[in-house]
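Notes for the one structure printed next.
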Amino acid sequence: MKRAGLTTQDTQVQTLLVMKLLQLQRTELRGLTYGDLEGYVRSRWSRKAPLTLSGAADEIWRIRAEDVVQYLSRQAMRAKRSSAAEMFESIGGKRS
């Protein structure tokens with residue numbers, strides 16, 4: 001039986017995320033939210049989540065502000081493309 005990795009729903013992982021969030025807010029990303037950081041971690045762990053709390057802690061503490069900014073930029077671009085496509089369809093355009 002394959003063992004599942006940790007998730008962002010685990011209380012101890014959430015505590016680590018809050019600690020990292022406070023560090024990033026204090027040093028570089030004042031406007032960062034818990035949801036932003038959690039989304040970044042979920043995207044990273046969607047392929048391979050750590051199996052141990054120490055592994056999760058190591059990954060969370062290695063997160064750099066630049067990594068989160070890149071993730072948020074990609075998310076914003078996807079949202080913009082999606083809303084533009086929806087607007088095009090709503091005025092009678094057809095998707096290819």
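Quick note: the coordinates plus some simple rules give every number you see, no bench work behind them. Note that this is a predicted model, so its numbers are computed, not measured. A quick note on method: Cβ atoms are made from the backbone with ideal geometry, for glycine too, and the neighbour counts reach across all protein chains shown.
For region 1-83, applying the loop criterion from DSSP together with a ceiling of 14 other beta carbons within 10 Å to the GluC sites (Glu not before Pro) yields Glu28. Note that region 11-90 carries a Kirkwood radius of 13.8 Å, evaluated over its alpha carbons pair by pair.
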